[in-house]
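S.K.: Before I ask anything, let me first share the structure, which is written out below as structure tokens.
Nothing in this text is a laboratory measurement; each read-out follows from the coordinates by a stated rule. Quick caveat: nothing in here was measured; it's all calculated off a predicted structure. Cβ sites come from the backbone with ideal geometry, for glycine too, and all protein chains shown count toward neighbours.
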Amino acid sequence: MSTMAISVRDLSKKYGDRMAVSHINFDVPLGTVCGFVGPNGSGKTTTMRMLLGLISHTGGSGQVLDASIDEPEKYLSQVGAMIEGPAFYPALTGAENLKVLATLGGFPIERVQTLLDQVGLGDRAKSKYKTYSLGMKQRLGIAAALLPNPKLLMLDEPTNGLDPEGIQEVRALLRSLADTGTTVFVSSHLLSELEIISDYLVMLRKGEVVFAGKIEELLLAQQNVLIVKGQNPGDLEKILGIATSMGHSATIRNSEVHVQADADWAATLNRAAFDAGITLAQLTPQLPNLEETFFEMTGEK
Ligand code: ATP
């Protein structure tokens, strides 16, 4: 038995001439929360669909719970998933909705109340679904995905559209599920929504993996940045030119130049700017920030 819940090698999906997912490689260890992050359209849903056997792959291979994704019937009974937004009957209560799904899926009805308690909906079990907040609806969706008592839970953007409180509730639930042994593979287009609870991260950009590994490794890969501004708006391009001519990569963002350099290089840049006739109005070293690293890796600005 492998220690990996998911392993993919060179996995690809082509739609017509277009690679939606291109030769991706990553592993998700059992018992962890793995955040699957990337901008909209980067291929997260397509990957999840391939892992669930909902669509076929056009290249490479994948294993879920030690079985090939060519034979999803071997593992699907141990996987819970929420890919599209959950679909429930608006006029039925949360408990009634879950009971319908439990009956259809052949799962014990007794699990319904336990699951409602587990997702924090125990006291709203008898309220109609249509009266639920978006966060409650998502949590009911997660309860439905938990009906088979899965080893692996795959959730596509469960925090999308939620307010900060709802995001916090879903995050806490996912963390507690992983702490009791369920592997959680969860996607979001916002790293900030997942970074607190994720042990591992897989970052996608335009169908390709730009980072896969422990979140600590991503922190180590982070570059220190100097935030620089001149007195005149026209100085930005000149500062950018000075920094790049001195071997540092730099970009202009929000009317500031972001230079990849350690704090002790600030004096050198200050002198070079002065020699070029620029008076700096701001020269601030910034501590590494995961979201910035993410944007640099995914090429978003
Ligand atoms: P989102 O969060 O917006 O759903 P995503 O990261 O999940 O983004 P996918 O939905 O997997 O991305 O889409 C990846 C790419 O594949 C996109 O360019 C999308 O337009 C394309 N794509 C997805 N499904 C199909 C399809 N059935 N036919 C053709 N192209 C598709």
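S.K.: Given the chain reduced to its alpha-carbon atoms as identical point scatterers, what log10 I(q)/I(0) does the Debye formula return at q = 0.08, 0.10, 0.12 Å⁻¹?
M.R.: -0.45, -0.64, -0.83
S.K.: So which lysines can residue 74 reach, going by Cα to Cα under 20 Å and dropping same-chain residues fewer than 8 places off?
M.R.: Filter leaves 151.
S.K.: Next question, about the same structure. Could you give the angle, 0 to 90 degrees to the nearest 10, between helix 134-145's Cα long axis and the longest principal axis of the Cα atoms of the chain?
M.R.: 60
S.K.: On to the next question. Using a Gaussian network model of the chain whose springs link C-alpha atoms within less than 10 Å, name the residue from 37, 228, 184 with the highest mean-square fluctuation.
M.R.: For the chain, modelled as a Gaussian network with Cα springs under 10 Å, the answer is 228.
S.K.: Follow-up question, since we're still on this one. Compute the signed sum of charges (Lys and Arg +1, Asp and Glu -1) over the other residues within less than 12 Å, Cβ to Cβ, of residue 200.
M.R.: Neighbour charge sum, excluding residue 200 itself: -4.
S.K.: Something else about it: Specify the residue with the greatest mean-square fluctuation among 39, 164, 72, computed from a Gaussian network of the chain linking alpha-carbon atoms under 10 Å apart.
M.R.: Fluctuation is largest for 164.
S.K.: Follow-up question, since we're still on this one. Please list, in order along region 189-194, the HN-Hα scalar couplings obtained from phi with the Karplus expression 6.51 cos²θ - 1.76 cosθ + 1.60 (θ = phi - 60°), rounded to whole Hz, x for Gly and Pro.
M.R.: Result, ordered by residue: 8, 10, 4, 4, 6, 10 Hz.
S.K.: Taking the Cα atoms only, what angle lies between the long axis of helix 266-275 and the longest principal axis of the chain, rounded to 10 degrees?
M.R.: Helix 266-275 sits roughly 40 degrees off the main axis of the chain.
S.K.: Give the long-range amide H neighbours of residue 93: residues separated by 5 or more places, or on another chain, with amide H under 5 Å away, using H modelled in the peptide plane at 1.01 Å from N.
M.R.: Close amide H contacts, sequence-distant or interchain: 129.
S.K.: Antiparallel DSSP bridges in the chain: what percent, to the nearest 5? Before the final figure, lay out each step's value.
M.R.: Values: 36 of 53 bridges.
Here the share of antiparallel DSSP bridges comes out near 70 percent.
S.K.: Less than 17 Å apart at the alpha-carbon level, and either on another chain or at least 8 residues along: which lysines does that give for residue 128?
M.R.: Partners within reach: 99, 137.
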